[in-house]
Amino acid sequence: MNTQIQQWLDYIQPRMAVNTVINYRFALQSFTQWLGTRPITPAAIEDYVTEQLKSFAPTTAALRLAALKSFGRWWSRRSGQANPAKGITIPAAQIKPTRQRVLTAEEYDAALAACERESDRDMVQLLAHTGLRVSEFLNLSYRHVSANGRFLTVTGKGNKTRTVPLNPTAQAVLAANRQPDDSLALLKTITHRNSVAARCRKLAQKANILAFGPHALRHYFCTRLIQAGVPIKIVSTIMGHSSISVTEAVYCHLSAVDILGTTDCLCC
């Protein structure tokens with residue numbers, strides 16, 4: 001069993017994000033420890049998920065089930081046998097939607113005003129004007145910028161490559177940070193995701209706003225595009241989402257101001 005798990009991990013490693021592989025590894029280790037010497041059957045997986053729901057948040061149980069499903073699909077193709085995790089789900093009623101932190105326009109301006117270091121300001125602007133994930137941001141170089149300077153090519157989750165349009169603000173930040181070897185001066189001092197998160201927290205404290213992380217800037221980017229009337233299909237493509245439903249369910253944050261007056265048409 002452990003040999004098969006390692007073979008599966010070797011298979012998914014070049015196809016999935018690093019953190020996903022780490023989480024999936026832990027999930028399979030947890031399952032095999034719980035399973036002991038029992039065979040892997042649909043009933044065993046259902047019992048395991050039930051136990052997980054008793055001890056952990058539904059999102060944790062869902063992640064571990066996702067790992068089992070992925071392993072099951074791989075094992076099924078290799079063995080020709082049925083995937084024992086296929087069809088097993090977590091009741092939707094037990095999965096509560098998470099509240100995503102997104103900066104308002106006022107908070108974004110306050111965070112920028114709190115930047116004392118140029119690298120902090122460049123970091124905030126680049127994340128807020130491209131919607132990059134932290135891993136994508138940390139792996140940037142000017143070689144990823146198109147010859148005309150209008151587009152950025154990034155490799156995101158699952159090693160999927162996408163093109164992100166660059167507005168004048170993002171273009172200016174990238175050009176100002178370009179080094180002779182096409183590395184970015186900005187990333188000489190920001191080298192790890194923890195440092196990005198720490199800088200965001202410090203800026204929030206200085207700006208006297210609710211704490212935020214780098215992903216809140218990605219939410220800000222996406223939400224502002226939606227509010228500006230950019231079609232959801234285009235936004236989803238720029239964000240690198242697997243489907244439009246992800247964009248709609250997670251990244252679109254509408255405030256009371258956004259919906260104000262939308263029902264006035266019924267009075268005409």
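The values are calculated or read from the model by the stated rules, or taken from the named source; none is laboratory data. The structure displayed is predicted, hence computed values, not measured ones. So basically every Cβ, Gly included, is an ideal-geometry build from the backbone, and we count neighbours across all protein chains shown. Each accessible area value is taken on the protein alone, full model and side chains, heavy atoms only, with ligands, DNA and RNA left out. Shrake-Rupley method; radii C 1.70, N 1.55, O 1.52, S 1.80 Å.
How much net charge surrounds GLY131 when only other residues with a Cβ under 13 Å from its Cβ are counted (Lys, Arg +1; Asp, Glu -1)?
After counting each charged neighbour, the total is +3.
Angle check, please: helix 118-130 long axis (alpha carbons) against the longest principal axis of the chain (alpha carbons), in degrees 0 to 90, nearest 10.
Orientation of helix 118-130: about 70 degrees from the principal axis.
Please report, in debye to the nearest 20, how large the charge dipole of the chain is about its Cα centre when each Lys and Arg carries +1 at its beta carbon and each Asp and Glu carries -1 there.
Here the chain has a charge dipole of around 780 debye.
Using a cut-off of 15 Å between beta-carbons, work out the net charge of the residues near LEU112 (Lys and Arg +1, Asp and Glu -1, LEU112 not included).
Charge balance near LEU112 sits at -1.
Could you tell me whether the stretch 1-85 comes out rounded, prolate or oblate from its Cα gyration tensor? Rule is a ≥ b ≥ c as square roots of the eigenvalues, rounded for a/c under 1.5, then prolate if a/b exceeds b/c, otherwise oblate.
Oblate, because a/c is 1.5 or more while a/b does not exceed b/c.
What is the stretch 135-253 by shape, rounded, prolate or oblate, if you read a ≥ b ≥ c off the alpha carbon gyration tensor as root eigenvalues and call it rounded for a/c under 1.5, prolate for a/b larger than b/c, and oblate otherwise?
oblate
Taking the Cα-to-Cβ direction at GLN4 and at ASP181 and moving 7 Å from each Cα, how far apart do the two end points lie in nm?
4.6 nm
From the residues LEU174, ILE190, THR155, which one has its Cα farthest along the dipole of the stretch 141-198 in the positive direction, the dipole being from +1 and -1 charges on Cβ of Lys/Arg and Asp/Glu about the Cα centre?
THR155
Taking LYS233 as the anchor, which lysines have their alpha carbon closer than 26 Å to its alpha carbon, excluding any fewer than eight residues away along the same chain?
Counting by Cα, and skipping residues close in sequence, LYS233 has these lysines nearby: LYS96, LYS157, LYS160.
Among ASN83, LEU53, SER119, whose Cα projects farthest towards the positive end of the dipole of the chain, with charges put on the beta-carbon of Lys, Arg (+1) and Asp, Glu (-1)?
Of the options given, the answer is ASN83.
Probe of 1.4 angstrom, ligands and nucleic acids ignored: what's the accessible area per residue over the chain, in square angstrom?
57 Å²
Please report the carbon-and-sulfur percent of the accessible area for the chain; probe 1.4 Å, protein heavy atoms only, DNA, RNA and ligands left out.
Carbon and sulfur together cover 54 percent of it.
Could you compute the net charge surrounding SER30? Neighbours are other residues with a C-beta less than 11 Å from the C-beta of SER30; K and R count +1, D and E count -1.
+1
Could I get the Rg over Rh figure for the chain? Both from C-alpha atoms, Rh via Kirkwood, rounded to two places.
1.03
Less than 16 Å apart at the alpha-carbon level, and either on another chain or at least 8 residues along: which lysines does that give for LYS69?
Within reach: LYS86.
Along the principal axes of its C-alpha atoms, what lengths does the stretch 78-187 span, in descending order and rounded to whole Å?
Largest to smallest, the principal-axis extents are 55, 36, 20 Å.
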